[in-house]
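Q: Structure provided below as structure tokens; questions to follow.
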Amino acid sequence: MKRLLEILGDWWAGLVGSAGLPSWVTVLGEMVFAAILIGAFIAVLVLFLIWLTRKVSAHIQLRFGPMRVGWHGAVQTVADAFKLLQKEDTTPRVCDRPVFNVAPFLAFAPTVVAFVVIPFGDGVIVRDLNIGVLFLFAITTINVIAIISGGWASGSKYSLLGGFRSAAQLVSYEVPLVLSALGVIMLAGSMKMGAIVEAQSRVWFVAYQPLAFAVYVIAATAEVNRTPFDIPEAEQELVAGYNVEYSGMKFAMFFLAEFANMFLVSAIAATLFLGGWRGPWLPGELWFLIKSFAIVLLLMFFRWTYPRLRVDQLMSFAWKFLLPLAFVNLLATGLIIALG
Amino acid sequence: MARLPFDQIAAKMKDAFGDAVVEVNEGNKVPFVLVEADAVARAAHFLRDEPELSFDYLMYVTAVDLPEEDKLTLVYHYFSYRNQQSLMVKADVPRRGGSVRSVAHLYAAAEWLEREVYDLFGVTFEGHPNLKRILTPEGFQGHPLLKDFANEDYVPFPDKMPAK
Amino acid sequence: MATDTAIRTEEFQVNMGPQHPSTHGVFRMVLTMDGERVVDCEPHIGFLHRSMEKMAENRLYIQFLPMADRIDYLSSMFCAVAHCEAVEQFMEIEVPPRAKYLRTMFMELNRIASHCIFFGVFALDLGAVTPFLYGFRERELTMDLLEMTSGQRITFNYVRFGGVAADLPESFFPAVERFIKVFPGRVTDYERILNENEIFLARTKGIGVVDAARAINYGWSGPNLRSSGVDFDLRQNMPYEAYGELGYEPVVLPNGDCYDRYLARILEMRASHALIKKCMEGLPEGPTQKEKVSKFPKLPAGEVYVRVESPRGDYGLYLVSDGTDKPYRYKLRTPSFNNLSMIREMLRGVYLADIVPIFGSLDVILPDVDR
């Protein structure tokens, strides 16, 4: 994979050079190429994830799930995606139209951007920024704005409540999430994703940072609004939360963002704690996917097993339990590093 | 569990209310005490708070329409969890514009039960906190469980439907 | 619950229902909210009012029999038994013992079916989707048994004046054996998935607490009342059908919160299972239908009141006859109606998210409320 990308890059640079074009064309071309690759990856990934969710939930619930379209319903999601594309795009009369239209894309865009710093394999990374982890957490937070604006612009009290809850939840859980990642950064001595994976070449960080890993997984579950923290879209109370008024392709965008986000947090967990793409025998890209999907499955098992917390319990859990835990972990890590 | 037989309960009620107790019927499959309409709430209070009786539970309130005798019979069916016995108290009111004191301040259950009787029979309950229709929609005309409710000229929503 | 802070908050109204996924039918609440807190709640019922009582007045007793099944479609056996018992009391006939046992057994099977739905829906209300399908798995077992005998899965139309419609078919016996064998294990499944779950406990313990006095005052009955600590069950205290011979120990729990109301139903499933077992063991031989009972009875003038312990509580039927072949007055005292009447008081001051478990734990069913 790395070789392939290098050959492609050289060929492209050579092409641009021989045509006598300025060097920024090279960068532009690489960016377009990366965008297409990531876009295609996310599209396929989400289709697969939706199918996987349905199958996993079905088997937990003594059902079969989709069985008719393709092998064990494998192309069911493709059919569903086409159905969603054809649906009428309804807009409520009282909505704030520009915000209402922009919100779904605002939800989806940061997720795509975040994939820029995810190391899929050895050297298979769009840009290994030296502030990789920071960039990641910063860019995924934009999601909150999309959810709030979507909830507010719909002009429905249910979606407004959903949006507010979501904002409160995401902001609260962002703190322990980042704190748990800090321990890893301290150990690795870098915020560069590549360097973090490099630092785990002998032992995975989950062995040094089990507490941080636990905090991360819990906070990440909340961050992507999965049960037991799926309060923003608590369908029993708020019908569907912030996206209740959306339909057709705009709803699909929210849906897409949700599933892509689920994979994203799992990929981050795999990179920060489980050694990223490193692993014996198999190619790095495969190892990365295996580890990421292990976390995805964990999140799915949570989802189909647990009831939902109440909003105040959720908050007190974040601030009174997770946050102190993350601090203790940070302190302990610091002490161990200082004492050598 | 000091369960009083029906005739003793009826005797107690007679002592307490005198002439307001119109009839004591033991022959019925469900023995009942018929009281004056204005004694319904007083009787409820007595039945609930008299220690020997302690009818703490109002099972239901309903009415029976008797057009031939031109009256509605209100039926209050009490139950006592302590003594595990029930008592039916009846009261006659006029078919149109009948009115009795509400027992909702004694039995919270009566709030909805009395609303139902108001809705379906048109009996008003004085002192009821929120006497509105409960089963039929807002703006509904008439009281469906009266025997002469259905006739050809009947229009349930005069303000929403064109006249025939 | 307005607080004295610098930020001024404004109350707003939310309309919950009648089309809302967790109102169990069509129930509408106009909620006045202060943020996530409920300040006031105005319940609206009657969306499912089918004028059952008026319809009964215009139908022969036998014609209303299948209608009675539809009053509370999750426990239709109880409505039909109440109807038949009322008619039998007028006719002063005694049901053959085998028919009594069959009625009792099918009522208990129906109760299990109803509680299974409660279990599934209650968990679903709290956001756990999986128990819903577990509940329906066992409901399917009971439905199969009921279908074998009555030919129907939900509205059975099985009870008749003076007996039941059909005796047990041959295939019923191995099936019920199997059911008796597997069911306790399945209830253990239920208990393992929810009873000790930390999140489930946090959501239900101490939520929607109702003490015994208040529950009685509001006319509560059934598992709701018993989970508030009142030891009263018609099956034990005023036995009807075969309950007197079988004996029954009611499930009584002390706390009166959502968790106890949930647990009461889980324990009642076990109790019902034991009753079904006893019924099968002690099933007497003999006819299932008393002979020479008129199918189109003219009842003597008078009135009766019949009480049946339905899965939702004390189901009562006040039947007035004027000596014709149709009821003169057919008053249904449905337990859900009374159980629901407290909802306004229960919801004041709770969180929006608690509305759903509180409402769900009452196990009301809207056709039973609206009739």
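The values are calculated or read from the model by the stated rules, or taken from the named source; none is laboratory data. The shown structure was predicted, so the numbers you read here are calculated from the model rather than taken from an experiment. Quick reminder, even Gly has a Cβ in these numbers, built from the backbone with ideal geometry, and neighbours come from all protein chains shown. SASA here: full protein model, heavy atoms, side chains in, ligands and nucleic acids out. Shrake-Rupley method; radii C 1.70, N 1.55, O 1.52, S 1.80 Å.
Q: Where does the longest stretch of chain A lie that holds no chymotrypsin sites (Phe, Trp or Tyr not before Pro) found in a DSSP loop with 14 or fewer other Cβ atoms within 10 Å?
A: A:65-280
Q: Name the lysines eligible as straight-distance cross-link partners of A:LYS83: C-alpha to C-alpha under 25 Å, and not fewer than 8 places from it in the same chain.
A: Partners found: A:LYS55, A:LYS250.
Q: So which lysines can B:LYS14 reach, going by Cα to Cα under 22 Å and dropping same-chain residues fewer than 8 places off?
A: Counting by Cα, and skipping residues close in sequence, B:LYS14 has these lysines nearby: B:LYS29, B:LYS90.
Q: For the stretch A:259-265, in order, what is each residue's ³J(HN,Hα) by Karplus, 6.51 cos²θ - 1.76 cosθ + 1.60 with θ = phi - 60°, in whole Hz (x at glycine and Pro)?
A: Per residue, the Karplus-derived 3J(HN,Hα) values read 6, 4, 5, 4, 5, 4, 5 Hz.
Q: In addition: What whole-number distance in Å separates the alpha-carbon centres of the stretch C:142-191 and the stretch A:133-179?
A: After rounding, the separation between the Cα centres reads 51 Å.
Q: Hey, got a sec? Which GluC sites (Glu not before Pro) in the stretch C:143-243 land in a DSSP loop and have at most 13 other Cβ atoms within 10 Å?
A: For GluC sites (Glu not before Pro) across the stretch C:143-243 that sit outside H, G, I, E and B with at most 13 neighbouring Cβ atoms in 10 Å, the list reads C:GLU170, C:GLU196.
Q: Hey, any idea what Rg/Rh is for the stretch A:1-153, computing Rh the Kirkwood way over Cα pairs?
A: Checking Rg against Rh, the ratio lands at 1.06.
Q: If you don't mind, another one. Provide, in order from the shortest bin, the percent of all Cα-Cα pairs of chain C in each 20 Å bin, continuing until the bin that contains the maximum pair distance.
A: In order of increasing distance, the bins hold 29, 56, 14, 1 percent.
Q: A further question on this structure: Over 21 Å between Cα atoms: which of B:LYS71/C:LYS298; C:LYS54/C:LYS326; C:LYS54/C:LYS292; C:LYS100/C:LYS278 fall into that group?
A: Exceeds cut-off: B:LYS71/C:LYS298; C:LYS54/C:LYS292.
Q: If you take each beta carbon of peptide A:298-308 and count the beta carbons of other chains within 10 angstrom, what is the mean?
A: Per residue, the number of nearby Cβ atoms from other chains is 5 on average.
Q: With runs of 4+ DSSP H residues as the only contributors, calculate the mean residue ellipticity of chain C at 222 nm using -39,500 (n - 2.57) per run, divided by the residue total and rounded to the nearest 500.
A: Computed mean residue ellipticity for chain C: -14000 deg cm²/dmol.
Q: log10 I(q)/I(0), Debye, Cα-only the stretch A:87-338, no solvent, q = 0.08, 0.15, 0.17 Å⁻¹?
A: Debye curve over Cα of the stretch A:87-338, log10 I(q)/I(0) at q = 0.08, 0.15, 0.17 Å⁻¹: -0.31, -1.03, -1.25.
Q: Go through the stretch C:270-281 residue by residue and turn each phi into a ³J(HN,Hα) via Karplus (6.51, -1.76, 1.60, θ = phi - 60°); whole Hz please, and just put x for glycine and proline.
A: Using θ = phi - 60°, the values come out as 5, 4, 5, 4, 5, 5, 4, 4, 4, 4, 5, 5 Hz.
Q: Compute a Gaussian network model of chain A, connecting alpha carbons closer than 10 Å, and tell me which residue from A:VAL244, A:VAL224, A:VAL94 fluctuates the most.
A: So, out of A:VAL244, A:VAL224, A:VAL94, the one fluctuating most is A:VAL94.
Q: Using DSSP to call loops (not H, G, I, E or B), can you name the trypsin sites (Lys or Arg not before Pro) in the stretch C:145-234 whose Cβ has at most 15 other Cβ atoms within 10 angstrom?
A: C:ARG153, C:LYS205
Q: Further question on the same structure: Mind listing the Cα extents of the stretch B:63-125 along all three principal axes, in Å, largest one first?
A: 39, 21, 16
Q: Got a sec? What order do A:LEU298, A:LEU134, A:LEU274, C:LEU352 fall in by accessible area at 1.4 Å, biggest, i.e. largest, first?
A: Reading off the accessible areas and sorting them downward yields A:LEU134, A:LEU298, A:LEU274, C:LEU352.
Q: Among the aspartates and glutamates, which have Cα under 16 Å from the Cα of A:LYS87 when same-chain residues fewer than 8 positions away are ignored?
A: By straight Cα distance, A:LYS87 reaches A:GLU245.
Q: Would you kindly derive the ³J(HN,Hα) couplings of the stretch B:22-30 from the backbone phi angles with the Karplus curve 6.51 cos²θ - 1.76 cosθ + 1.60 (θ = phi - 60°), listing them in order in whole Hz, with x for Gly and Pro?
A: Values, residue by residue: 7, 8, 10, 10, 9, x, 4, 4, 10 Hz.
Q: Another question, if that's okay. So what's the back-of-envelope 222 nm ellipticity for chain A, counting only DSSP H runs of four-plus at -39500 (n - 2.57) apiece and dividing by all residues, rounded to 500?
A: Computed ellipticity for chain A at 222 nm equals -23500 deg cm²/dmol.
Q: Also, I was wondering about something else. Could you tell me what a quarter of the Cα convex hull surface of chain B works out to, in nm² with one decimal place?
A: Average projection, Cα convex hull of chain B: 10.5 nm².
Q: Binning at 10 Å from 0, report for the protein assembly as shown what percent of all alpha-carbon pair distances ends up in each bin.
A: Binned Cα distances yield the sequence 2, 11, 18, 20, 17, 13, 9, 6, 3, 1, 0, 0.
Q: Identify which of B:PRO67, B:PRO94, B:PRO51 has the largest mean-square fluctuation in a Gaussian network model of chain B, with springs joining Cα atoms closer than 10 Å.
A: Evaluated over chain B, the most mobile residue of the options is B:PRO51.
Q: Follow-up. How big is the convex hull of the Cα atoms of the stretch C:291-371, per residue, in Å³?
A: 114
Q: Hey, another quick one. Counting other Cβ atoms within 10 Å, keep those with at most 14, restrict to DSSP loop, and tell me which chymotrypsin sites (Phe, Trp or Tyr not before Pro) in the stretch B:1-60 are left.
A: Qualifying residues, ordered by number: none.
Q: Write down the percent of antiparallel bridges among all DSSP beta bridges whose residues are both part of the stretch B:6-126, to the nearest 5.
A: Just about 75 percent of them are antiparallel.
Q: Using a Gaussian network model of chain A with C-alpha springs under 10 Å, which one of A:GLN76, A:GLN209, A:GLN200 is most mobile by mean-square fluctuation?
A: Residue with maximal mean-square fluctuation among A:GLN76, A:GLN209, A:GLN200: A:GLN76.
Q: Summarise the partner chain shielding of A:133-140 as one whole number: the mean count of Cβ atoms from other chains within 10 Å of each residue's Cβ.
A: The mean count of partner-chain Cβ atoms within 10 Å per residue comes to 0.
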